[in-house]
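The values are calculated or read from the model by the stated rules, or taken from the named source; none is laboratory data. Treat the numbers as computed from the prediction; the structure is a model and nothing was measured. Because the Cβ atoms are built from the backbone with ideal geometry, glycine has one as well, and the counts that use them run over all protein chains shown. With ligands, DNA and RNA removed, areas are computed over all heavy atoms of the protein, side chains included. Shrake-Rupley method; radii C 1.70, N 1.55, O 1.52, S 1.80 Å.
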Amino acid sequence: MKTNDYLYSALIDKKLVPVIKIADADLSESLADALITGGLSVAEVTFRTNCAAEVISRMKSSRPGMFVGAGTVLTVAQVDEAADAGADFIVSPGFDPAVVTRAQERGLPAVPGCVTPSEITAALSLGVTTVKFFPAEAFGGAKTIKALSAPFSDISFIPTGGIDTHNIREYTVLPCVLAVGGSFMATEKLITSRAWDEIAARTRAAVAAANGHMNV
Ligand code: 3PG
């Protein structure tokens, strides 16, 4: 059983979740190593490619210290696929009670996408404590999250969508932001071209920016 507290404690330190789209499972280990070299032993592997479950499984088995979530989980079947692969948490772009419930049945924290008070209320009623705020910049960014956090003081947010090293600090200064997600550290193009040094460098810069250690 992986609890909401487990999710919280895994992400609170570095405050970052690289959102990954990867089409070749054979690159799983090298990608994991690049992220680890950059200072992050966490990834959200999205179900936007057919090999997502295999990538999660390979990252978890070859780099046991890694905290690996499944992203873009849209169906109950994908929850099962992710759970069978050893995923640590489930992330969805929107809120589907069936997906959240299945994740909980499989003993995994669910992070559904919620951008309105009504969506957050519905998620809360299922025991969700962390929501994805997506697409963050398009929905008003840090200002909107700050406003939402007033009535929902027990909810933490993982904003993603349009965030990179330049604006990440706007989000991570908010106490209600558990972590920020983004594809900018390990883009599909960087992964395909095996640009491991560049991925490590971007990850390192993002960790520094997220924690306010660098002017960018
Ligand atoms: C996600 O699913 O979280 C987003 O696609 C990430 O958004 P970004 O590509 O703008 O970082």
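Quick notes
- Pick from the stretch 128-143, criterion touching a residue at least 24 places away in the same chain (Cβ under 8 Å) and away from the ligand (no atom under 16 Å from the Cβ), ranking: surrounded by the fewest Cβ atoms within 10 Å (Cβ to Cβ): 129
- Residue check, residue 37 closer than 17 Å to residue 201 by Cβ, open to solvent by 10 Å² or more (accessible area, probe 1.4 Å) and either of a type in the set (Ser, Thr, Tyr) or in contact with a strand residue (DSSP E or B) (Cβ under 6 Å, 6 or more places away or on another chain) (or both): yes
- When 91, 73, 99 are checked against the criterion of being within 24 Å of residue 139 (Cβ to Cβ) and touching a residue at least 40 places away in the same chain (Cβ under 8 Å), a single residue qualifies: 91.
- Residue in the stretch 69-88 that is on the phi > 0 side of the Ramachandran plot, modelled with pLDDT of 95 or more and in a loop (DSSP other than H, G, I, E, B) present: yes
- Boolean, residue 100 is open to solvent by less than 40 Å² (accessible area, probe 1.4 Å), touching a strand residue (DSSP E or B) at 6+ places or on another chain (Cβ under 8 Å), within 20 Å of residue 159 (Cβ to Cβ) and outside any helix (DSSP H, G or I): no
- The stretch 73-90, subset among the acidic types (Asp, Glu) and out of contact with any Phe, Trp or Tyr (no Cβ under 7 Å at 6 or more places or on another chain), residue surrounded by the fewest Cβ atoms within 10 Å (Cβ to Cβ): 84
- Residue check for residue 20: open to solvent by 30 Å² or more (accessible area, probe 1.4 Å) and under 22 Å from residue 171 (Cβ atoms): no
- Screening 175, 151 for residues that are closer than 24 Å to residue 205 by Cα and either more than 12 Å from the ligand (Cβ to nearest atom) or without any contact (Cβ under 8 Å) to a residue 60 or more places away in the chain (or both) leaves exactly one candidate, 175.
- Of all residues in the stretch 170-207 being surrounded by fewer than 16 Cβ atoms within 10 Å (Cβ to Cβ) and of a type in the set (Gly, Ala, Ser), the one that is farthest from the chain's Cα centre (by Cα): 193
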